[in-house]
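The values are calculated or read from the model by the stated rules, or taken from the named source; none is laboratory data. Note that the structure is predicted; figures quoted are calculated from it, not measured. Cβ: placed from backbone, ideal geometry, glycine included. Neighbour counts: every protein chain shown. Heads up: the accessible areas ignore ligands, DNA and RNA and are worked out on the full protein's heavy atoms, side chains in. Shrake-Rupley method; radii C 1.70, N 1.55, O 1.52, S 1.80 Å.
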Amino acid sequence: MFCSSCGKMIDDDSIFCRVCGKRVKPLPENDSSSTGKISLEKSIDIPITENETSYINEDNLQPESSDDTTEEVSTETPEDNKPFFGSTEPIEHINPEPLSENSLSEKIPERHTRETLPDLVLRKKVQTQSEDLPDEDFPTDDSQEDYEDYNDNSDTQYIPYEEIQENSDNNYNPPPVYNPPPYNPPPYPEEQPYFNPPPPQPVPPPAPVENNRPKQVGTFRLFGAGTVTIFTMLLVLLLSLLFCVKLGFSGAVLEKSIKGLDNEKVLDAEYDGNHDVNDFLYEKTNFYNITFGTASENDFRNFLLNLDMKYFIAENVSIYADYLLNGGRKPTLTSENIAEYMFNKSGYNNLIRQDFSSIIYNLTDGKADEILSVDSWEKHTGFDSRISGYIFSYITLIIILAFICVLIIWIYAIVNMRMRYMMSFCKFIFIASGVVLLLTGAVGVIAPPIVYSQTSHITFYLLSKLLKDFNLFTLTTGGFEFIVGIIFGLIRKLVIIYETKKGDG
């Protein structure tokens, strides 16, 4: 339907016009055959209050033809024509022309229905589009006015301004007054004591530039290191010899070596330039007189072979060797023990026990007990035999080895921790000691057999047999030390190459 005041299209159930704000007087529309004329056949008289004004100009509602039955709209103006919401301007924008379908479609722009966005959202949308759209896509002035004039308040009841003021005067409740709590400033902080800043620290000097050149070693240092090196080499040689003697002359080794002697070779060996061992013993023991001239040299030879004294000698030599080298039990062998063994072993019927004691007495010139007694040795030499046990003990060997290590470290400090000089001195120490041991073992292995083959002397025969294990240990130890010295020499060459590259870099 259309508003009776401004002629704008409004909803059918609207009481007030959403454009002009006047109370709506419904104007029924004719059938589709009408030409835009307003039919007043079923007009509804709506009382108009003193605050409402509604009139229609007669000239604008004249029918086009006399055939149509129409009524004129009352043009009465209320006496008290108060403007709506205090407006003093008369409403003059009513359409003076007859309303038709074409005129309505031209005059009334297409509006948005109530289902579209609210007024405020539409305005924001228009503003946003005005910024984003180009000039040709921006809506025209008429469409913008339509958006601005659009107000979906058809369901809103308008209350006169006077009534709002009356109700507001009677029912106004002032808001509660907010009384903030009194402001209490925080206490003033206590005065801090005066702070003396620390004095500026001195700037550390720049780090020295690393010198790749190795440290130099003076002549005096080299001389001192050489002296200590010689002393160290002697200690290494002493340690090696003690180790070889302890292993090569032990009781078990000597016992095995003595039992391996050949009795025939011993007796046939030359003792001096004119006699062999058999003839020497025959004369020394006075065996001819003891047997009353019945035994010849050949008989005496058979007598000694029958005794087979090497087993008895080997057992007693083992006891003496263990006592001297390892501090074993003290030997108690006497001439009477030897005579008793010979009497029981010989089986010679023409001799009595006293005859064997005479043989021992004649052989040693009456000094057999003195020669066999350890106490007699200590008395004549003034040397305590127990010391030899301490010298060859493993504890002593470990102490010497530790002292050698200390001397090597001392040499390293003397040469100003130059590895090339350190390796040179270590090479000299072990190669020199190894060479001495190798020569000693080689001489012990080669010389006695050669000399014995030339002279057939009993001494070289015994040396070739008794020094066999000692020479073996000497050669092994000397070879090991020599190899260690060569390794130190190779390390020295690598150190020289490294220092050369470092100095060049």
(message) Report, in listed order, any pair from 330/367; 330/379; 256/284 with a Cα-Cα distance greater than 25 Å.
(response) 256/284
(request) Towards the positive end of the charge dipole of the stretch 385-505, with charges on Cβ (+1 Lys, Arg; -1 Asp, Glu), say which of 439, 450, 385 has the farthest Cα. (result) 439
(message) Step by step: find N for the stretch 246-340, compute 2.2 N^0.38 Å, then divide the Cα radius of gyration by it. What's the final number?
(response) 1.28
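Using only Cα atoms, what Kirkwood radius does the stretch 303-352 have, in angstroms?
12.2
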(message) Please list, by residue number, everything in the stretch 465-482 whose backbone N is under 17 Å from a paramagnetic label point 7 Å out along Cα→Cβ of residue 341.
(response) none
(request) Sticking with the crude label model, points 7 Å out along Cα→Cβ, report the distance from residue 435 to residue 264 in nm, one decimal please. (result) 4.5
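Evaluate the Kirkwood expression for the hydrodynamic radius of the stretch 283-330, namely the inverse of the mean inverse distance over all pairs of different C-alpha atoms, and round to one decimal in Å.
Answer for the stretch 283-330: a Kirkwood hydrodynamic radius of 13.0 Å.
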(message) Restricting the calculation to Cα positions, tell me the Rg (one decimal) and the Dmax (whole number) of the stretch 434-486 in Å.
(response) 12.5, 40
(request) Using the heavy atoms of the protein chains and a 1.4 angstrom probe, tell me the accessible area per residue for the stretch 353-505 in square angstrom. (result) 59
(message) Along the Cα→Cβ direction, 7 angstrom out, place labels at residue 493 and residue 221. What is the inter-label distance in nm?
(response) 2.6
(request) Could you state the accessible area per residue of the stretch 253-314 in Å², with a 1.4 Å probe and every protein chain left in place? (result) 53
(message) Between residue 353 and residue 275, what's the calculated FRET efficiency when r is the beta-carbon distance and R0 is 30 Å? Round to 0.05.
(response) 0.60
(message) On the Cα set of the stretch 359-471, report Rg and Dmax in Å, please.
(response) 22.0, 70
(message) Normalised by the empirical 2.2 N^0.38 Å for globular proteins, what value does the Cα Rg of the stretch 291-421 take?
(response) 1.75
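Got a number for carbon plus sulfur as a percent of the stretch 333-452's accessible area, 1.4 Å probe?
68
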(request) Pick out, in residue order, every one of the trypsin sites (Lys or Arg not before Pro) in the stretch 378-431 that is DSSP loop and has at most 14 other C-beta atoms within 10 Å; say none if there are none. (result) none
